[in-house]
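Some notes on the structure that comes next.
The values are calculated or read from the model by the stated rules, or taken from the named source; none is laboratory data. Given the structure is predicted, the values throughout are model-derived calculations rather than measurements. Note that we place each Cβ from the backbone using ideal geometry, even for glycine, and neighbour counts take in every protein chain shown. Each accessible area value is taken on the protein alone, full model and side chains, heavy atoms only, with ligands, DNA and RNA left out. Shrake-Rupley method; radii C 1.70, N 1.55, O 1.52, S 1.80 Å.
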Amino acid sequence: MEIIIQPSAEAASSYVARYLAAQINNRPNIVLGLATGGTPEPVYAELIQMYEAGQVDFSRVTTFNLDEYVGLSADHSQSYRYYMRSHLFDRVNIPLENTHFPDGMTDDIPRECRRYEQAIAAAGGIDLQLLGIGRDGHIGFNEPTSSLSSRTRIKTLTEETLRDNARYFESEEHVPYHVLTMGIGTIRNSRCILLLAHGASKAEAIAASVEGPLSAMVPASALQLNEQVIFVVDEAAASKLSRRDYYKWVFENKPAWQQVV
Ligand code: F6R
């Protein structure tokens, strides 16, 4: 695992945006896994700026989003398909047919989840998965005690996650209880994982994921088993890491040939 500590949320987001752009430029037909929520918003904003400046081209990129609310259609302003269109897809040159989501309006959830897994496999798997993290350590919407080898399926949000997500809805009662989410096993199949977190509210989850024991109680701790995982955090999110000086030392002394951005 690589732990990159940046001085601020802005610097952490910018690092991730530049990392994504470098990987797209390196491999124009890359398959990206994408996240929604507050954390990646500045990343997508910077990618749009880079696209407008002619520094990155999305025309051959394929994307798979982590999750979608059950019962929200693509034109619902809180659906994740709507989020991705307004925060990124409608503002860059990605063909919409290259963008994929689990369908929260399906009338056959198990079949839809199998279809999503098959679509990821048919695209050759995910090259680079962008993740945020919940305060309880969830990735995608794999809440604590999710199976560490789970695949795409329906999950019930915890009350804490419902409250956290209520900021986007009229009120807490409007947040759907159920989501379709890639499983931890699905996420772990990605060839590279880039997890971004900022703010003190994420510090415990980051410390437990990076330095704690591997446990279904902290879904992101499963990433310890992956070959290529990069945590990009700001100082506040890093504040509970016991070895943060070491992580900074490693980053400062990274050989030039290993530096992506
Ligand atoms: C979103 C997702 C979630 C969020 C997490 C953090 O697609 O899968 O795991 O990344 O809930 O959300 P924010 O960034 O709003 O704190």
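Values for this structure:
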read-out: Computed helical MRE - 222 nm, the chain, DSSP H runs ≥ 4 contributing -39500 (n - 2.57), nearest 500; value: -9500 deg cm²/dmol
read-out: The chain, accessible surface, carbon-and-sulfur percent (1.4 angstrom probe); value: 49 percent
read-out: Charge dipole (debye, nearest 20) of the chain; +1 at Cβ of Lys and Arg, -1 at Cβ of Asp and Glu; value: 740 debye
read-out: Farthest toward positive dipole pole in the chain [+1 Lys/Arg, -1 Asp/Glu at C-beta], among Gly71, Gln224, Gly33; value: Gln224
read-out: For segment 68-84, Karplus couplings with θ = phi - 60° (6.51, -1.76, 1.60), whole Hz, Gly/Pro x; value: 7, 6, 6, x, 9, 7, 4, 8, 6, 5, 9, 6, 6, 5, 5, 3, 5
read-out: Centre separation in Å (Cα based) which lies between segment 28-87 and segment 178-235; value: 20 Å
read-out: Sites Asn26 and Ala256, calculated FRET efficiency, Cβ-Cβ separation with R0 22 Å, nearest 0.05; value: 0.85
read-out: Surface per residue (accessible, 1.4 Å probe) for the chain, Å²; value: 45 Å²
read-out: Solution diffusion estimate, µm²/s, Stokes-Einstein, the chain, Kirkwood Rh from C-alpha pairs, 25 °C, viscosity 0.890 mPa s; value: 133 µm²/s
